[in-house]
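Below is one structure, written out as structure tokens; comments come after it.
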Amino acid sequence: MRIKQVADTLAEVPSLLSLAREIKPRPMSTRDCFGARVEATADKYPEHTAIIFEGRELTWREFNEEANRYAGALRGAGLKRGDTVSLMLENRIEYLAILVALNKLGATAALINTNLTGAPLVHCIQITDSSMIVFGEERLDAIAAVRKDPALQGVAGYLFVPDAGELACPAWASDLVEQAADEDYGNPADTARMTLGDTALYIFTSGTTGLPKAAVLSNRRYLLTAASSSKAGLRCDVNDCIYLCLPLYHGTGLFLGVGAAFCTGASMFIRRKFSASNFLPEVREHGATCFIYIGELCRYLLNTPRKADDYKNPLATIMGNGLRPDVWHEFKERFGISRISEFYGSSEGNVAFLNFLNKDCTVGATTLPIALVQYDVDADEIVRDRRGHCIKVASGEPGLLLGKITPMTSFEGYTSKEATEKKILRNVFKRGDAWFNTGDLLKTVDVGFAMGLAHYQFVDRVGDTFRWKSENVSTNEVGEIINGHPQIAFCNVYGVEIPGADGRAGMAALALAEGVQDLDLASFSAHVCNSLPAYARPIFLRIQRELDTTGTFKLVKGELRKEAYDLQLVKDAVYVMKPGSSRYERLEPAFAAEISSGRGGY
């Protein structure tokens, strides 16, 4: 067993050496961008399939030419290097072609969540100072509803991209596809002038109250991530096909899947949305060898009816995050997966881990400067020594992950300087040092022979954020919304575990306003549903006479998390919003038992 383990690990060395060459540090002034990578791939593999989408198939030459025509149309509309364009389309060929076109011209694409409407949508466009908005027919109503908002007066143009052909281009917009039809399909000269230091994208964090932060992403970081995926994660080449069904306004699918394809010539099968029932048939039909996942999708797939031949498919490698140890082995065995390249990272973070040695149940290793420091989960604060410095945890103990900020591991931050500064810890181990606070607990794990590389496992989110339905939920932002209801004096929001579900469900302990005896559930439910996206709405409520605080008046969450919604431990009134419902109701023992057994439907 030991000999096989060593042999398997050493077999990974050639790929790691290839990655090391690919990510060798280069000056930020180096001329390169992902638009240039698409041009190179189209030149090398012109007739190889680039994208398969809803019955349409484009070669790399055709895809690059389509991007070039969009670039010409965008330039004709007045776009210039350094401008920002808000991009709001569902997963489809046009989305990627326009994205590449913007990168070739040196513009920054602000990738808007297609679920946003109203004030949250206006906020995302405004904070990125977008001069244009490119939107799909499928999002026409959302854009039409906000375009007259005073905050969007700086938007110079609205560019419409047809989809099903059911809605015509409105009079206040221009049809981008129509304008691009007669443009030159040759590569624009602009691409050769783009540098690694240019801002390529704004990727939005999950804004709980509809007020997301825009993380800055340079060409350098995009290409580094794409290289890590193609060389050490997916290990794909032109002979592979990558199955993509995650929303491409998020980094996981766009960086790891699309980026790997841009750099290697691998084909992409793209879906607008994930479908568990269509997954295996499509994988088999199109010969998908790679799959970009999040843990929640894997759970959905495991919940589909098992068939004896599930393992008979071309999938060999999957890459993503959030695949928890309790489903790792079952998923790998059932679907015949030989390699799981779990990673850890974030769009804005300066630290990343990758399971490039194919060790089970781990996010892998990193060569970046990091530290795990002691964190008091109950008090929700970092533990410091008498000098005020952080304390590193012992091997195998959970600790708060920090990433050291250096010239080579810079924290590019957000468009907001204030939000950027909040994520930086200073004087952590010595005067003058600076570290990025990930807000996550990790621990080292023993994986056997690993060439001296420490391997890590994700433990949990901490503090004021938890993860639910693949989105980060800010307890502070949810609390501010809840406190806005007239019957609430104050609330304490935290995440609790639900068996069989990824992440943590929201729960809020409520102290009612003076004189209020009973919470008006209809009014409160309407307030929550109107003010918060579905993933941020607390699943459970707990009514308390007063909320517990520390000596410094900080809300205590540790005991609340432990008791959660267990009716045998909680003597207060507990309410629940059931799946598919928009109203809170009293949590009854029978339904509580269903939740605890994993049959609650969450």
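The values are calculated or read from the model by the stated rules, or taken from the named source; none is laboratory data. Note that the structure is predicted; figures quoted are calculated from it, not measured. So basically every Cβ, Gly included, is an ideal-geometry build from the backbone, and we count neighbours across all protein chains shown.
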**Message:** Restricting to segment 530-542, name every residue that is at pLDDT 95 or above and surrounded by fewer than 18 Cβ atoms within 10 Å (Cβ to Cβ).
**Reply:** none
**Message:** I'd like the full set of residues that are at pLDDT 90 or above and assigned to a helix (DSSP H, G or I), limited to segment 482-517.
**Reply:** 482
**Message:** Suppose we filter 531, 596 for residues that are in contact (Cβ under 8 Å) with a residue 60 or more places away in the chain, farther than 30 Å from residue 212 by Cβ and not aromatic (Phe, Trp, Tyr); which single one remains?
**Reply:** 596
**Prompt:** Looking at this structure, is residue 427 surrounded by fewer than 18 Cβ atoms within 10 Å (Cβ to Cβ), in contact with a Gly (Cβ under 8 Å, 6 or more places away or on another chain) and at pLDDT 90 or above?
**Reply:** yes
**Message:** Just checking, does segment 31-45 include any residue being under 27 Å from the mean Cα position of the chain (by Cα) and modelled with pLDDT under 95?
**Reply:** no
**Prompt:** Got a sec? Which of 193, 221, 235 is over 26 Å from residue 62 (Cα atoms) and among the basic types (Lys, Arg)?
**Reply:** 221
**Request:** Output the number of residues of segment 294-318 satisfying the condition of being closer than 16 Å to residue 257 by Cα, at pLDDT 95 or above and not polar (S, T, N, Q).
**Result:** 3
**Whichever residue in segment 333-352 is more than 12 Å from residue 364 (Cβ to Cβ) and hydroxyl-bearing (Ser, Thr, Tyr) and, among such residues, is surrounded by the fewest Cβ atoms within 10 Å (Cβ to Cβ)** = 338
**Request:** Report the residue count in segment 171-201 for those that are in a loop (DSSP other than H, G, I, E, B) and either of a type in the set (A, V, I, L, M, F, W, C) or within 30 Å of the chain's Cα centre (by Cα) (or both).
**Result:** 8
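Quick check on my filter: what residues within segment 307-329 are of a type in the set (A, V, I, L, M, F, W, C) and in contact with a Ser or Thr (Cβ under 8 Å, 6 or more places away or on another chain)? Full working, then the answer.
Applying the first criterion (of a type in the set (A, V, I, L, M, F, W, C)) to segment 307-329 yields 308, 315-316, 318-319, 323, 327-328.
Once the filter is applied, which keeps residues that are of a type in the set (A, V, I, L, M, F, W, C) and in contact with a Ser or Thr (Cβ under 8 Å, 6 or more places away or on another chain), segment 307-329 yields 315, 316, 318, 319.
Going through 276, 266 one at a time, which residue ends up being in contact with a strand residue (DSSP E or B) (Cβ under 9 Å, 6 or more places away or on another chain) and not hydroxyl-bearing (Ser, Thr, Tyr)?
Selected residue: 266, the only one of 276, 266 that is in contact with a strand residue (DSSP E or B) (Cβ under 9 Å, 6 or more places away or on another chain) and not hydroxyl-bearing (Ser, Thr, Tyr).
Here is a yes/no grid of residues against (1) over 30 Å from residue 287 (Cβ atoms); (2) of a type in the set (Lys, Arg); (3) surrounded by fewer than 20 Cβ atoms within 10 Å (Cβ to Cβ); (4) not assigned by TED's automatic domain parsing to the domain that holds residue 415:
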position	(1), (2), (3), (4)
57	no, no, yes, yes
69	no, yes, no, yes
81	yes, yes, yes, yes
85	yes, no, no, yes
97	no, no, no, yes
121	yes, no, no, yes
**Asked** Where in segment 389-481 are there strands (runs of 3 or more DSSP E), lying fully within it, with 1 or more residues that are among the polar types (S, T, N, Q)?
**Response** 434-445, 455-461, 465-468, 471-474
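Determine whether segment 62-78 contains at least one residue that is among the polar types (S, T, N, Q), modelled with pLDDT of 95 or more and part of a strand (DSSP E or B).
Let us first name the residues in segment 62-78 that are among the polar types (S, T, N, Q), namely 64, 68.
The next check asks that each one be modelled with pLDDT of 95 or more; those that pass are 64, 68.
Then keep just the ones that are part of a strand (DSSP E or B); that gives none.
Taking every residue of segment 62-78 in turn, none turns out to be among the polar types (S, T, N, Q), modelled with pLDDT of 95 or more and part of a strand (DSSP E or B).
Matching residues to (1) within 18 Å of the chain's Cα centre (by Cα); (2) closer than 30 Å to residue 287 by Cβ:
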{"position": "169", "(1), (2)": "no, no"}
{"position": "205", "(1), (2)": "yes, no"}
{"position": "230", "(1), (2)": "no, yes"}
{"position": "248", "(1), (2)": "yes, yes"}
**Among the candidates 261, 276, 308, residue that is small (Gly, Ala, Ser), free of Cβ contacts under 8 Å to residues at least 12 places away in the same chain and farther than 17 Å from residue 339 by Cβ** = 308
**Item:** When residues of segment 163-183 are limited to those that are over 19 Å from residue 125 (Cα atoms) and in contact with a Gly (Cβ under 8 Å, 6 or more places away or on another chain), the one surrounded by the most Cβ atoms within 10 Å (Cβ to Cβ)
**Value:** 180
